[in-house]
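The values are calculated or read from the model by the stated rules, or taken from the named source; none is laboratory data. In this text the structure is predicted, and so the values were computed from the model without any measurement. Counting neighbours? That spans all protein chains shown, and the Cβs are built from the backbone with ideal geometry, glycine included. Areas reflect the complete protein model, heavy atoms only, side chains present, ligands, DNA and RNA absent. Shrake-Rupley method; radii C 1.70, N 1.55, O 1.52, S 1.80 Å.
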Amino acid sequence: MASQFQALLGADGRVFAPKTLEELADEAVSLRADPPSVIAVHGGDGTLHRTVAALGLAFGEAPIPPLAILGGGTMNVVSGSLRIRQPAGPFLAAIVGAVRANQQLETIRRRCLRIGDTLGFIFGNGLMANFLGEYYGTGEYGPARATWLLLRAFGSALINGPFIHKLFKRFEGTVEVDGEALERAVFIGVGAATVREVGLGFKLNHRADDDVERFGVLAIHGRPAGLIPEFPAVYQGRGISPKRAFSAVASTLKITPKSGSMAYTIDGDLYKGEGPLTISVGPHIEFVKLPAPSAIGEARRVPALSPAEDSAGQSPASSTR
């Protein structure tokens, strides 16, 4: 796949295929020394999270070059939420065509989250982390697996079965939004995000677009069975009823677990941390949109990846000058 991407780039860029996070960090430092006009990231949400975190550390206060998401994951939630749904090969080819034609690339501007010492776009504990723990449990990923878990949760809720209690195991702790502590101390889950969707089209973080300079916060406290009627509203982007969840737009979120530690997810990757965790506004990210048809016409002169090649397990990144 790396060689396919390099064929698309030609002399206008180069491909990186780091095998470890340390190699990724080194490549990010090299990009800081000579910033390209675009950095294209191939992979899923976890790959995007790790790449942005490495770039943020390398670039510091300097702006990160525009990012093109070449969706190569099983869910691609961030790109889907931003309505960037293009096959990797044709998208990269269109970008190369635009660069060669000196065409200005259109972008979507978003902040990322600064979560402790890393960066990401979607944070969640409680239900969100529990769901992903089940999702990854069998080693089979994708929309079908996620849909099956939702249906299983729905059925378990109807009979008050053990699976729904496992999935909805509550988080206990203090939650402070912009310095103000919430009255409640027990939650089904607490989330923060700069994009609305969490997968399968569900817009759980419905406040994420309210202010692109801040992020949406959601603290769910309703009973599991009471949340089932909320599914249509969440899918349509209206959010969970205030009777069952607190929502806001914020610049800081501090979560202090009562037990001293908590499991949480950042863009689909699972973590476990000790002590309080502070989430704040991260750097701006400019996401590249599909170039105009003139660039796509130029792109058709360059070979594109086939679907089989596009779904390979490697996650290279490329940069164009």
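Okay, here's what the table says:
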| item | result |
| --- | --- |
| Ellipticity estimate at 222 nm from DSSP helix runs (n ≥ 4, -39,500 (n - 2.57)) divided over the chain, nearest 500 | -9500 deg cm²/dmol |
| Rounded to 10°, Cα long-axis angle of helix 88-100 versus longest principal axis of the chain | 50 degrees |
| Whole-percent carbon and sulfur share, accessible surface of the chain, 1.4 Å | 53 percent |
| All-pairs Cα distance distribution in region 110-153, expressed in whole percent, bin size 10 Å | 23, 42, 28, 7 |
| Contour minus Cα-Cα distance for Ser3 and Leu158 (0.36 nm per residue) | 50.7 nm |
| Candidates per GluC sites (Glu not before Pro) in region 66-159, loop by DSSP, up to 14 other Cβ within 10 Å | Glu106, Glu140 |
| Rg(Cα) / (2.2 N^0.38 Å) computed for region 178-272, rounded to two decimals | 1.06 |
| Inter-label distance, nm, simple model (7 Å from Cα along the C-beta direction), Ala101/Asp210 | 4.0 nm |
| Cleavage-rule hits, chymotrypsin sites (Phe, Trp or Tyr not before Pro), region 126-191, DSSP coil, Cβ neighbours within 10 Å at most 15 | Tyr136, Tyr141 |
| Separation of the Arg170 and Ser37 label points, Cα + 7 Å toward Cβ, nm | 5.6 nm |
| At 1.567 mPa s and 4 °C, Stokes D of the chain from Kirkwood alpha-carbon radius, µm² per second | 63 µm²/s |
| Overall form of region 1-121 per C-alpha gyration tensor (a/c, 1.5; a/b vs b/c) | rounded |
| Heavy-atom surface of the chain, accessible at 1.4 Å and reported per residue (Å²) | 46 Å² |
